[in-house]
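Report on one structure; see the data block that follows.
The values are calculated or read from the model by the stated rules, or taken from the named source; none is laboratory data. Quick caveat, the model's predicted, so the values are computed rather than measured. We place every Cβ from the backbone using ideal geometry, glycine too, and count neighbours over all the protein chains shown. Heads up: the accessible areas ignore ligands, DNA and RNA and are worked out on the full protein's heavy atoms, side chains in. Shrake-Rupley method; radii C 1.70, N 1.55, O 1.52, S 1.80 Å.
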Amino acid sequence: MLLLLGRRVTLSFVNRFTKSSPSSLSKPVFISSLLIKFRVAHSCFLVSTAVRNRGTMPERRPFVRLPTDVYPVNYGLCLKPDLIDFTFEGKLEALVEVTQATNQIVMNCADIDIITASFVPQGGEEINATGFNYQNEDEKVTLSFPSTLQKGSGTLKIDFVGELNDKMKGFYRSKYTTSAGEIRYAAVTQFEATDARRAFPCWDEPAIKATFDITLIVPKERIALSNMNVIERKPYPDDENLLEVKFATTPIMSTYLVAFVIGEYDFVESQSSDGVTVRVYTPVGKAEQGKFALEVATKTLPFYKEYFSVPYPLPKIDLIAIADFAAGAMENWGLVTYRETALLIDPKNSCSSSRQWVALVVGHELAHQWFGNLVTMEWWTHLWLNEGFASWIEYLCVDHCFPEYDIWTQFVSADYTRALDLDALDSSHPIEVNVGHPSEVDEIFDAISYSKGASVIRMLHNYIGDEDFRKGMNAYLLKFQHKNASTEDLWDCLEEASGKPIAAVMGSWTKQMGFPIIVVDQEQQGDNRILKISQKKFCASGPHNGEDCPSWMVPISICTSDDPTCTKLKVLLDRPEMTITLNSVSPEQWVKINPGTVGFYRIQYSSSMLQSLLPGVRDLSLQPVDRLGLQNDLFSLSRAGMISTVEVLKLMEAFVNEPNYTVWSDLSCNLGVLSSLLSHTDFHEEIQEFIRDLFTPIGMKLGWDSKPGEGERGGSGHLDALLRGLVLGKLGKAGHKPTVEEARKRFKDHVEGKQVLPADLRSPVYLTMLKHGDSSTLETMLKLHKQADMQEEKNRIERVLGAISAPDLIQKVLTFALSDEVRPQDTVSVIGGVAGSSKQGRKAAWKFVKDNWEELYNRYQGGFLISRLVKLSVDGFAIDKMAAEVKSFFESHPAPSAERTVQQCCENILLNAAWLKRDADDIHHYLLQRKAPPV
């Protein structure tokens, strides 16, 4: 899954749907009344739980995994959704194995009402269940039988009903509008982590794998899709308007990867070079927008087949755009679901960053078809391995498909530095978190599992070397295919392939939180350079100075100015400090630790080493990724109080000749953090002037329009387009007059239809207009939003609406965020845009979240969108008392899946406040004196 997170069972393949055919599924007369009772009872349960929880922080509940005395071999599952009443009927006939005599079967079940259940032992008489005991808190049901079920095979039959909910999880409804303007609904699924149990009673744990025979009964004018290809389509006997669609038997797989979609879609189709049928399903009339993803997918499947030396094991793969979708995408085996913005590309109206995003998300989800689906984590504790691995290899894949994207440099800015920032907090967590109750899983779909996970795998790949890494991966996939594995299983395979101490090295990165700061000093001895390097834990509040300082096994690479792209020496720092001799390094050469910015650590150079590196920023002799890393490390050291922020501002001014998009992107991000911090002072305008001065030369050089031959001469038109959008947006927001005036002119032409803005310029122009706009600007933007046919354009507008300045207009934007005009999953980014744009916006957004908490919490049902909402709303505060206010609010309004996020936000607020107290005066003084005329 991609986010805008015991025992090994080997079962034989079985293809069986015993006795009665799915056609016999018809509506028992009492279902409707039962369903109403079930809904009332369920909502009463929710209310009583909410009342019970109010005012207390929920404790971690004791959790017991499902008993092992009965396990499934094959699920025969038939579902009949009602797209008008938003209910569904289901019939399950599961071939099971009883391993120990018992008179009850415990399964997962949530928001489902069981009508009848029975067990038929192989060759024996049917035994009807006499009771269904629902344990709602644990999302389990116990089926009781009047006699003992003996060891051996049998068939468990269950008839049940449920609701097509609107919570974007389980089996849910997704709203869309037809070209004629009619509102309709699709029925779709999102089962990771633990929501298959909302669609059918099942053993909803990743290690309990089985095969699936799925049949869907659907309106005949709708498309029905599932993990496998359709093998039979026939009229449904009880209703001529319905079709019965039967799918081929799946491989043995986990429940969280099962999927079905019923709706109206168009598609484009191709075949990969290794013979797999690939289809991209789009909203009706938008098939053209699926072509880019189709091209990426057909290139990606053979790339992974070759990389893993294991073929894709299913006959087809479908990629489908879903209107209402909480995550970015989900890797269901053979039927990958996406937000529209993560899959659809319109050649005229999609910007370069959207194309890149689609390529990365497709690469991520297709990697999971092997790493996650074919070999699955044994329990949610190992989720990081699925997500970290896919988040690393998506970049490898995009680099293969689009080398001109320079994507590995972008990885450092997008994932690596983001993970370092989160992992420096005291409220971080190890990559590998022991998960008990499934409600804890949502908490670890975060930047540690994804971005730190990907960063340490990148470091590991670099440490092992590509050849041995691939050898180990192949051994792992072959050994555990169709089974479950743990993190240690992967380390064993990589250790065997490489002969290096992988388990020991990686254990230090996955089992303890945080990372080291590598402190480096040097002296010259004749022709040799002696380096003294040491490690200690890096904390966002400053270096760890306690007695019990953790340490890591750190792969360290070193290069010199003799050849900045080539590693001169590699060592494994497996103790607190060591001394290294670099032979034949003359006094005038500089030495750089961590070339390529691959090792997951920060570096603190002695002042002489740092001074010798700085010219490499100006003259571009340091690689782009190392110029970025140097600046990012110093920025973090300033936030932690280890150097003055003024030192970083001076370094930033050395980037005046910088041509690289990703380096500017990282600079821009850090200046955004600083600008947000200084919005709490009365000299916010001075930092805007600094930003204007820094970005004006590159802005002048790029201009507003792409130049003939851009992207040739070894450059990339793609990267130039990204850089132009970034720079113009930064200048416009900071009030650079010529940029604001040009944006006004182009916006007017765009709105009047004289000259449509190129997609790459829309975000910066919209942002600039709103930042310096009034109520009529906002009205025009909302009108453009309403007219937009493409979700990408709607999202583009939603993300920048918060830039408006007037308090009454800020309120209007916040009200708009909860309106029907905004899809539920996108409300979060509208509110976040308000909070991130100004001091007034931050206060207003936080008040709005508090005032509307019940509605927002209910909308996202405690999923990971709640964590995102919390972070975006409060992370930018910089006053001690705000940390106390945030903490106190969430003590009286518990959000279990966001508990850790709340702690992290409170810690960030206190860090911001300390940073401001410590450095504000010095920063102010520097910003004033740099403009003072020379005496």
Here are some residues: LEU294, LEU335, LEU314, LEU301. Which one is surrounded by 24 or more Cβ atoms within 10 Å (Cβ to Cβ) and among the hydrophobic types (A, V, I, L, M, F, W, C)?
LEU335
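Scan the range 385-418 for residues that are of a type in the set (D, E, K, R) and surrounded by 24 or more Cβ atoms within 10 Å (Cβ to Cβ) and report the count.
2
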In the range 84-129, the residues that are hydroxyl-bearing (Ser, Thr, Tyr) and closer than 15 Å to SER153 by Cα
THR99, THR102, SER118
Quick check on the range 419-439: of everything there that is assigned to a loop (DSSP other than H, G, I, E, B) and open to solvent by less than 20 Å² (accessible area, probe 1.4 Å), which residue is modelled with the lowest pLDDT?
HIS437
Could you please find all residues in the range 252-267 being surrounded by fewer than 19 Cβ atoms within 10 Å (Cβ to Cβ) and under 22 Å from HIS368 (Cα atoms)?
none
Kindly indicate which of GLU779, GLU741 is in the same structural domain as GLY836 (by the TED database) and either over 32 Å from the mean Cα position of the chain (by Cα) or open to solvent by less than 40 Å² (accessible area, probe 1.4 Å) (or both).
GLU779
Please state which one of GLU404, GLU365 is at pLDDT below 95 and assigned to a helix (DSSP H, G or I).
GLU404
Just to verify a result, which residue in the range 185-223, among those that are open to solvent by 10 Å² or more (accessible area, probe 1.4 Å) and part of a strand (DSSP E or B), is nearest to MET168 (Cα to Cα)?
GLN190
Of all residues in the range 850-864 being open to solvent by 10 Å² or more (accessible area, probe 1.4 Å) and hydrophobic (A, V, I, L, M, F, W, C), which is modelled with the highest pLDDT?
TRP853
Could we say that GLU269 is in a strand (DSSP E or B) and among the charged types (D, E, K, R) here?
yes
Test result for GLN356, open to solvent by 10 Å² or more (accessible area, probe 1.4 Å), of a type outside the set (Asp, Glu), assigned by the TED database to the domain that holds SER486 and closer than 30 Å to ASP720 by Cβ
no
Any idea which residue in the range 784-798 is nearest to the chain's Cα centre (by Cα), counting only those that are surrounded by 18 or more Cβ atoms within 10 Å (Cβ to Cβ) and among the acidic types (Asp, Glu)?
GLU792
Residue under question is ILE262, and the condition is that it be aliphatic (A, V, I, L, M), in contact with a Pro (Cβ under 9 Å, 6 or more places away or on another chain) and at pLDDT 95 or above; does it hold?
yes
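Which ones in the range 669-692 are in a helix (DSSP H, G or I) and open to solvent by 10 Å² or more (accessible area, probe 1.4 Å)?
CYS669, ASN670, GLY672, VAL673, SER675, SER676, HIS684, GLU685, GLU686, GLN688, GLU689, ARG692
When you scan the range 569-663 for helices (runs of 4 or more DSSP H) that lie fully inside it, which ones turn up with 3 or more residues that are within 26 Å of ASP423 (Cβ to Cβ)?
Of the helices (runs of 4 or more DSSP H) lying wholly inside the range 569-663, those with at least 3 residues that are within 26 Å of ASP423 (Cβ to Cβ) span 607-613, 624-639, 645-653.
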From (1) farther than 28 Å from ASP195 by Cβ; (2) in a strand (DSSP E or B); (3) aromatic (Phe, Trp, Tyr), pick out the condition that doesn't hold for TYR281.
(1)
Name every residue in the range 884-902 that is among the aliphatic types (A, V, I, L, M) and more than 19 Å from GLU855 (Cα to Cα), in order of residue number.
ALA884
